[in-house]
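To keep things clear, I will list the structure first and then write my remarks on it.
The values are calculated or read from the model by the stated rules, or taken from the named source; none is laboratory data. Just so we're clear, the structure is a prediction, and the values are computed from it rather than from any experiment. Reconstructed Cβ throughout: ideal geometry from the backbone, glycine too, with neighbour counts over all protein chains shown.
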2 protein chains.
Amino acid sequence: METKRGKTTIEIIKSLEKQRRLSPIERIIATTTGSVTQILEAYLGEEVGIHTIEQRVKEAGEMAEVLGIRKGDKVNYRVVEIRGRGGRVLIKAVSWTPLKRLKNRFKDDLMRADIPIGKILLKHQIESRRELRDVKVEGGRIKRTYDIISDGGVLMRIEEVIYGDDF
Amino acid sequence: METKRGKTTIEIIKSLEKQRRLSPIERIIATTTGSVTQILEAYLGEEVGIHTIEQRVKEAGEMAEVLGIRKGDKVNYRVVEIRGRGGRVLIKAVSWTPLKRLKNRFKDDLMRADIPIGKILLKHQIESRRELRDVKVEGGRIKRTYDIISDGGVLMRIEEVIYGDDF
């Protein structure tokens with residue numbers, strides 16, 4: 001499938017595997033444009049939890065350009081860990097959400113700390129698409145950058161680091 | 001994650017596993033609201049192909065209600081096999097697409113036989129969501145029914161049977 005700026009799924013995998021070999025579940029998570037939480041839950045056969053490390057409203061700053069807003073515009077900045085059974089960290093994710101893109105009906109859910117974005121999109125029946133901006137192996141770990149786009153604008157920029165050494 | 005009429009990913013899996021045990025990749029494919037083709041390609045580490053068994057324009061008939069159109073309205077009816085290396089059948093999918101929902105810019109791609117829907121949505125940057133309508137085990141095989149929804153209407157109703165005994 002074409003994803004990262006026209007790169008196909010197989011091309012992304014080949015590029016990553018120049019660094020190190022990936023397991024099948026790593027290949028799936030690295031290349032998906034679907035919900036990572038949903039894939040993790042299905043793979044593990046158990047619910048995963050969201051643990052918030054940091055969350056605050058701040059000015060967009062240097063992130064403004066990729067979000068398509070002005071530097072002084074407010075964004076919701078959130079750092080979370082997706083954790084499996086026993087608190088094991090599976091994913092660490094940092095996200096930036098322009099406040100002015102948030103409709104009231106789902107603003108409250110999105111500002112709450114413990115709900116994964118995929119669940120919010122499902123609950124509020126939000127039509128969107130995800131665009132992979134970058135996928136790489138760094139320090140042995142897969143790192144992904146992608147945007148969730150809705151109504152033609154970036155609803156959320158997400159940077160993920162994939163942990164879980166037994167994937 | 002909540003998917004099938006409010007059922008979470010884990011609830012769907014538990015319900016399916018009353019019939020038989022599922023492998024991790026079966027659990028992922030059974031519950032995903034993302035692109036099945038993309039997941040298959042990542043899992044197998046190889047491109048998969050679409051082989052068309054049947055394709056024709058016909059009247060919606062009894063499918064009209066779920067598609068939100070009239071019985072006499074035209075739909076594109078398509079039966080395909082997703083095949084892996086050596087022609088092995090991985091998925092058989094039947095789909096119904098209301099012609100009046102198709103914008104010209106992607107109508108040609110969607111009517112072409114050999115392009116998976118996920119690739120078309122990516123190429124044309126179509127914002128959508130997928131809603132699982134039914135997932136069950138029948139004759140030992142997982143069967144899924146889901147809708148791809150865009151601009152508030154059903155763009156495509158899809159019924160899938162998952163093959164591939166070594167998943």
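A residue that is under 23 Å from A:GLY87 (Cα atoms), modelled with pLDDT under 95 and surrounded by fewer than 21 Cβ atoms within 10 Å (Cβ to Cβ) cannot be found anywhere in the stretch A:27-37.
Scanning the stretch B:1-55 for residues that are of a type in the set (A, V, I, L, M, F, W, C) and more than 10 Å from every other protein chain (Cβ to nearest Cβ) gives B:LEU16, B:ILE50, B:ILE53.
Scanning the stretch A:96-120 for residues that are closer than 14 Å to A:ILE148 by Cα and within 14 Å of another protein chain (Cβ to nearest Cβ) yields A:ARG101, A:PRO116, A:ILE117, A:GLY118, A:LYS119, A:ILE120. If the condition is being under 20 Å from A:ILE149 (Cβ atoms) and surrounded by 16 or more Cβ atoms within 10 Å (Cβ to Cβ), then the stretch B:128-155 contributes B:SER128, B:ARG129, B:ARG130, B:GLU131, B:ILE148, B:ILE149, B:SER150, B:LEU155. The residues of the stretch B:150-161 that are within 13 Å of chain A (Cβ to nearest Cβ) and in contact (Cβ under 8 Å) with a residue 60 or more places away in the chain, listed by number, are B:GLY153, B:VAL154. The condition (being touching a Pro at 6+ places or on another chain (Cβ under 9 Å) and within 30 Å of B:LYS119 (Cβ to Cβ)) is satisfied by just one residue among A:ILE82, A:ILE142, A:ILE117: A:ILE82. Across the stretch B:123-149, which residue is farthest from B:GLY34 (Cα to Cα) among those that are free of Cβ contacts under 8 Å to residues at least 12 places away in the same chain and not in a strand (DSSP E or B)? Here the answer is B:GLY139. Within the stretch A:59-90, the only residue that satisfies the criterion of being modelled with pLDDT of 95 or more, over 19 Å from the mean Cα position of the chain (by Cα) and under 29 Å from A:GLY49 (Cβ atoms) is A:LYS74. For the stretch A:107-127, the set of residues classified as surrounded by fewer than 20 Cβ atoms within 10 Å (Cβ to Cβ) and under 20 Å from A:ILE69 (Cα atoms) consists of A:LYS107, A:MET111, listed by residue number.
Residues in the stretch B:128-149 that are under 11 Å from the mean Cα position of the chain (by Cα) and within 12 Å of chain A (Cβ to nearest Cβ): B:ARG130, B:GLU131, B:LEU132, B:ASP147, B:ILE148.
Being of a type in the set (A, V, I, L, M, F, W, C), crowded, with 16+ Cβ neighbours inside 10 Å and touching a helix residue (DSSP H, G or I) at 6+ places or on another chain (Cβ under 9 Å) is a description that applies to A:ILE162. Taking the stretch A:1-112 as the region of interest, the helices (runs of 4 or more DSSP H) fully inside it that hold 3 or more residues being in contact (Cβ under 8 Å) with a residue 40 or more places away in the chain and in contact with a Gly (Cβ under 8 Å, 6 or more places away or on another chain) are A:36-44. When B:ILE115 is tested against (1) at pLDDT 85 or above; (2) among the β-branched types (Val, Ile, Thr); (3) over 16 Å from B:GLU46 (Cβ atoms), exactly one condition is not met: (1). Taken over the stretch A:38-74, the residue count meeting the criterion of being surrounded by 14 or more Cβ atoms within 10 Å (Cβ to Cβ), of a type in the set (Val, Ile, Thr) and more than 14 Å from B:ILE28 (Cβ to Cβ) is 3.
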